[in-house]
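Read the structure below first, then the notes.
The values are calculated or read from the model by the stated rules, or taken from the named source; none is laboratory data. Note that the coordinates shown come from a computational prediction; the quantities given were computed from them, not determined experimentally. Cβ atoms come from the backbone with ideal geometry, glycine included; neighbour counts cover every protein chain shown. Ligands, DNA and RNA are excluded from the accessible area calculation, which covers all protein heavy atoms including side chains. Shrake-Rupley method; radii C 1.70, N 1.55, O 1.52, S 1.80 Å.
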Amino acid sequence: MQIYDTLDKKLKDLNSNRTLNIYICGITPYSESHIGHAMSAVIFDTLRRYLLSQDYKLKFVQNFTDIDDKLINVAKEKNTTIDKISNKYISQHLNSLSKLNVMPADHAPKATEEIKEMINMIEALISKEMAYEINGDCYFRVNKFDTYGKLSKRNTDEMLAGARIDINENKEHPMDFALWKKQINDEPGWESPWGNGRPGWHIECSAMSMKYLGQNLDIHGGGRDLIFPHHENEIAQSEGFSDNPPFSNIWMHNGLINLKSEKMSKSIGNIISIDDLLQKYSAAAIRMFFISGNYKNPLEYDDAILISNEKAINRLKQTLNLNSSDSLDELDPDKFINKFNQSMSKDLNTSLALGSIFEMSRSINQSFNKNINISKSQLALAKLLNILGIDTDSENETNNNLDTKEIEDLINLRNKHRLDKDYKKADEIRDKLEAMGIAIYDSDDGTKWRNI
Ligand SMILES: [Zn+2]
């Protein structure tokens, strides 16, 4: 399989002969996760599922940045501890992702539980003069890392213009970035050789990825917004520490989600949470939406597409449920499987892969009408959908929350009215169910229902 590397700006092969080490930057759990987090999680989950389907072995690590200015501020506002805030949002986040059929990471380290590794790394960088301490704060000496800027392709002037110096900062050079921050007042702090304090954001990911995956990653991933400064700084620290480049063979970045052409952000207040979305649409339709374009590009949020995805999922489900003939004349699925694999193995081209899934589904329907045996193709279609994490049986939560017993009681009552030939009353119940978001249909083995 080949993946586009942001640093070398080209497609690179993945090594299939050994376990692949994959590290993805995780969330800062200070508020409810939004659909941008969900999209990134679904894209990397799709990569993971595809690699596993191709018999790659991999180790997948995604961290939680559970110490950070934003978390400290929220804890202060709510008059509670950062642990309480982060634990609440971490469990909410994991719960939302599992509803989206995202597989849990092999390791999901929390920054606050890996402080020792971060301190060790900072000490080593200081002893190599790549970092320094001033008054309990530690900084990375950017001028000591020759290739600083290589990932984001920024030159020094551009980076200088963007560098921000806080009033209290005493660093040697404006571009130097914090590795360790001295404890201020009652903020959380850990013991260190430089007094009580807490790690900077960037060193957390360098230390955690190295602890769980070693000095050379196969893929380091995250949203495009992390390229600078976060990933640029991770490279400087990690390669400065190890002298064993490259820190990652491939840097894989997903595009961000836009709402009405605006970047979704807390400051603009245009946030849609994962759970809001799951109330409206099935996990399958949401996943299909997230992978409908090129993962590197921005994606425009669009309810119309989600609604049409919902219909597409229903059609796929109907195709999977067709009763195949047992004719010896069989529809061969290989052509579609090959097309799917070709698309996926070339930089995770999910939109083309979805195209071959729809093509396959149409071909199954046509073959069914001609009495051709479709069972092998139906099985293959289900497998391909599973690689994309698309479960056609997933429902949106609003309907899931409906009382199943209430629905079935109403259906039984309707059937009783029909037996009594009281069709007016029977139709009234059908209308009532429809208003509840439930469609019913009569089949040979009784009345069935599904969410609309
Ligand atoms: Zn990170």
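Note on the range 216-232: among residues that are open to solvent by 10 Å² or more (accessible area, probe 1.4 Å) and more than 19 Å from residue 295 (Cβ to Cβ), the one that is nearest to the ligand (Cβ to nearest atom) is 229.
Table: residues versus (1) buried (at least 24 other Cβ atoms within 10 Å of the Cβ); (2) more than 16 Å from the ligand (Cβ to nearest atom); (3) of a type outside the set (Ser, Thr, Tyr); (4) at pLDDT 95 or above.
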residue: 249; (1), (2), (3), (4): no, yes, yes, yes
residue: 254; (1), (2), (3), (4): yes, no, yes, yes
residue: 259; (1), (2), (3), (4): no, yes, yes, no
residue: 287; (1), (2), (3), (4): yes, yes, yes, yes
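Can you report the number of residues in the range 385-411 which are open to solvent by 40 Å² or more (accessible area, probe 1.4 Å) and at pLDDT below 90? Summing the residues that are open to solvent by 40 Å² or more (accessible area, probe 1.4 Å) and at pLDDT below 90 in the range 385-411 gives 12. Of the residues making up the range 63-113, those that are open to solvent by 70 Å² or more (accessible area, probe 1.4 Å) and either at positive phi or within 16 Å of the ligand (Cβ to nearest atom) (or both) number 4. When the range 191-215 is filtered for residues that are of a type in the set (A, V, I, L, M, F, W, C) and either touching a Pro at 6+ places or on another chain (Cβ under 9 Å) or away from the ligand (no atom under 14 Å from the Cβ) (or both), the ones remaining, listed by number, are 194, 207, 208. Looking only at residues of the range 6-19 that are away from the ligand (no atom under 16 Å from the Cβ) and at pLDDT 95 or above, we find that the one that is least open to solvent (accessible area, probe 1.4 Å) is 14.
Could you check the range 188-243 and list, in sequence order, the residues that are charged (D, E, K, R), within 22 Å of the chain's Cα centre (by Cα) and more than 17 Å from residue 131 (Cα to Cα)?
Scanning the range 188-243 gives 218, 224, 225.
No other residue among 377, 363 is touching a Pro at 6+ places or on another chain (Cβ under 6 Å) and surrounded by 13 or more Cβ atoms within 10 Å (Cβ to Cβ) apart from 377.
Say whether the condition of being among the polar types (S, T, N, Q) and touching a residue at least 40 places away in the same chain (Cβ under 8 Å) is met by at least one residue in the range 412-431. No, the range 412-431 has no match at all. Here residue 152 passes the criteria (1) in contact with a His (Cβ under 9 Å, 6 or more places away or on another chain); (2) part of a helix (DSSP H, G or I); (3) farther than 30 Å from residue 275 by Cβ except the one numbered (2).
Tallying residues that are in a helix (DSSP H, G or I) and not charged (D, E, K, R) within the range 294-351 yields 25.
Let's see how each residue does on (1) open to solvent by 10 Å² or more (accessible area, probe 1.4 Å); (2) part of a helix (DSSP H, G or I); (3) more than 13 Å from the ligand (Cβ to nearest atom):
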{"position": "21", "(1), (2), (3)": "yes, no, yes"}
{"position": "27", "(1), (2), (3)": "yes, no, no"}
{"position": "37", "(1), (2), (3)": "yes, yes, yes"}
{"position": "40", "(1), (2), (3)": "yes, yes, no"}
{"position": "43", "(1), (2), (3)": "no, yes, yes"}
{"position": "47", "(1), (2), (3)": "no, yes, yes"}
{"position": "52", "(1), (2), (3)": "yes, yes, yes"}
{"position": "56", "(1), (2), (3)": "yes, no, yes"}
{"position": "61", "(1), (2), (3)": "no, no, no"}
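Note on the range 131-141: residues that are open to solvent by less than 70 Å² (accessible area, probe 1.4 Å) and more than 13 Å from residue 203 (Cα to Cα) total 5.
Consider residue 210 carefully, then state whether it is open to solvent by 20 Å² or more (accessible area, probe 1.4 Å) and of a type in the set (A, V, I, L, M). Yes, satisfied.
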